[in-house]
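Following: one structure in structure tokens, then a few remarks.
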Amino acid sequence: MSGLRKTVIRAGLEALFFSGAHLMMQPFVGGVGVILTLHHVRPPRRDGFQPNRLLEVSPTFFADVVGKLRRSRIDLVSLDEMHRRLTEGDFRRRFVCLTFDDGYRDVLQWAYPILRKHEVPFALYIATSFPDHIGELWWLGLEAVIARNERIGLIIDGRERRFDCGTVAEKRELFEQLYWWLRSRETEDELRVIVRDLCARYGFDLGALCGELCMGWGEITELARDPLVTIGAHTVNHFILKKAPERVVRGEMEMGRAVLEAAVGFKPQHLSYPLGDPNSAGPREFAIAAELGFKTAVTTRPGMLFAAHGKHLTALPRISLNGEFQQRRYVNVLMSGAASAIWNGFRRIKAA
């Protein structure tokens, strides 16, 4: 996330909170509930260059949020209960679902004890290549190469380009530039080949990241025995589905669910689209998930849940607990629905 964008978002959150506008808006934009999305929960790192910091929150912040939610007049529910309420129109009380994408080991180490203490149900969406330790956390590989070098070379549009990245500012700028350039590649294969080659050129073991950071099957199956835990599908290879042919999209969803079923002993009923923004999942993916019988599927499009989402169960929005904005007042604003309402132009449903 660029520095300018962070500054603008922070200013907006501050303005909504200190003006009290979020409290005035909540009755109109707060919806019937919200799905919160997280990735990592772990102690903060001191590195000046952390372009993926938005994906991680500290255990202290997470414990504060969970404790506050448990003390509030809001129900903390599982995905199955959320589905029931949306399909049956049971909106007597607002609700929150907590979800974690990818299946990182720090969730087991740091988040799980907090959730157990407060008896909070939560969901883990697992991309099955990660516990198999053959997946590619390419965004982290890109970060590592830039972090470890003062100058890197890359072939872009058939031409060798050299980039200085000796300072933290240069590293941040280069990551932002290359990340979005990679995301713009026409195919997933092209993106992956570029990152593999970059890591190989600079001696970084991309394949080792899953073993280091992601839970193995033993840890996942142990968690799956806890009634508080819902295991959801997240495809096999964590592809940007919108770039893939329909047969690949369907195969990623079906095979990811089948592998999870074989591992944990039951068929996952809920899905999270990898990355999940409008450039990664859209109406085609929503329709395929519905055809395959998933009860719900979640995006990372920001938004609250409204009664009308009962007709769009495979295109559900979520609110990110973003590591760049770890302040209780920001959570208050986000939970009010005010920030996402403004972001969405006050449209309640965005499933196109």
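The values are calculated or read from the model by the stated rules, or taken from the named source; none is laboratory data. Predicted model only: the values in this text are computed from it and were never measured. Heads up, the Cβs are rebuilt from the backbone with ideal geometry, glycines too, and the neighbour counts pull from every protein chain shown. To get the accessible areas, we keep the full protein, side chains included, count just its heavy atoms, and leave off ligands, DNA and RNA. Shrake-Rupley method; radii C 1.70, N 1.55, O 1.52, S 1.80 Å.
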When residues of segment 131-149 are filtered for being open to solvent by 50 Å² or more (accessible area, probe 1.4 Å), of a type in the set (D, E, K, R) and under 20 Å from N52 (Cβ atoms), how many remain?
1
If I filter segment 237-252 down to residues being part of a helix (DSSP H, G or I) and out of contact with any helix residue (DSSP H, G or I) (no Cβ under 6 Å at 6 or more places or on another chain), which single residue comes out as least open to solvent (accessible area, probe 1.4 Å)?
E252
So which residues in segment 52-70 are in a helix (DSSP H, G or I), buried (at least 18 other Cβ atoms within 10 Å of the Cβ) and among the aliphatic types (A, V, I, L, M)?
L55, A63, V65, V66, L69
Restricting to segment 324-344, name every residue that is open to solvent by less than 10 Å² (accessible area, probe 1.4 Å) and part of a loop (DSSP other than H, G, I, E, B).
G337
Segment 127-161, residues that are modelled with pLDDT of 95 or more, in a strand (DSSP E or B) and of a type in the set (A, V, I, L, M)
I152
State whether one or more residues within segment 116-126 are of a type in the set (A, V, I, L, M, F, W, C), under 19 Å from C210 (Cα atoms) and either open to solvent by less than 20 Å² (accessible area, probe 1.4 Å) or not in a helix (DSSP H, G or I) (or both).
yes
Could you look through segment 104-115, keep only residues that are aromatic (F, W, Y) and assigned to a helix (DSSP H, G or I), and pick out the one that is most open to solvent (accessible area, probe 1.4 Å)?
W110
Just one of the numbered conditions (1) in contact with a strand residue (DSSP E or B) (Cβ under 7 Å, 6 or more places away or on another chain); (2) of a type in the set (A, V, I, L, M, F, W, C); (3) free of Cβ contacts under 8 Å to residues at least 60 places away in the same chain is not true of C214; which one?
(3)
Within segment 56-66, identify whether any single residue is farther than 30 Å from T167 by Cα and touching a strand residue (DSSP E or B) at 6+ places or on another chain (Cβ under 6 Å), and answer yes or no.
yes
Single residue of D90, D47 found to be among the charged types (D, E, K, R) and at pLDDT below 95
D47
One residue from V34, V29 being under 18 Å from R328 (Cα atoms), surrounded by 17 or more Cβ atoms within 10 Å (Cβ to Cβ) and β-branched (V, I, T)
V34
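Yes/no per residue for (1) surrounded by fewer than 15 Cβ atoms within 10 Å (Cβ to Cβ); (2) of a type in the set (V, I, T); (3) in a helix (DSSP H, G or I); (4) under 21 Å from the mean Cα position of the chain (by Cα):
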residue	(1), (2), (3), (4)
E254	no, no, yes, yes
F266	yes, no, no, no
G276	no, no, no, yes
N279	yes, no, no, yes
A287	yes, no, yes, yes
G293	yes, no, no, no
Where the second residue is open to solvent by 30 Å² or more (accessible area, probe 1.4 Å) and among the basic types (K, R) and the first is on the phi < 0 side of the Ramachandran plot and lies in segment 225-241, which pairs have Cβ atoms under 8 Å and are six or more apart or on separate chains?
D226/R116; L228/R116
Taking the options E254, E246, E261, name whichever one is without any contact (Cβ under 8 Å) to a residue 24 or more places away in the chain and over 29 Å from E143 (Cβ atoms).
E261
Considering segment 303-323, residues that are open to solvent by 50 Å² or more (accessible area, probe 1.4 Å) and outside any helix (DSSP H, G or I), and then whichever is farthest from L86 (Cα to Cα), we arrive at S320
Within segment 162-177, does at least one residue satisfy the condition of being assigned to a helix (DSSP H, G or I), touching a Ser or Thr at 6+ places or on another chain (Cβ under 9 Å), surrounded by 18 or more Cβ atoms within 10 Å (Cβ to Cβ) and touching a residue at least 40 places away in the same chain (Cβ under 8 Å)?
yes
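Condition check ((1) closer than 15 Å to D106 by Cα; (2) in contact with a Lys or Arg (Cβ under 7 Å, 6 or more places away or on another chain); (3) modelled with pLDDT under 95; (4) among the charged types (D, E, K, R)) across all residues:
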site	(1), (2), (3), (4)
G203	no, no, no, no
G207	no, no, yes, no
C210	yes, no, no, no
C214	yes, yes, no, no
T221	no, no, no, no
P227	no, no, no, no
T230	no, no, no, no
T235	no, no, no, no
H238	no, no, no, no
Test each condition in (1) open to solvent by 20 Å² or more (accessible area, probe 1.4 Å); (2) assigned to a loop (DSSP other than H, G, I, E, B) for D80 and report the one that comes out false.
(2)
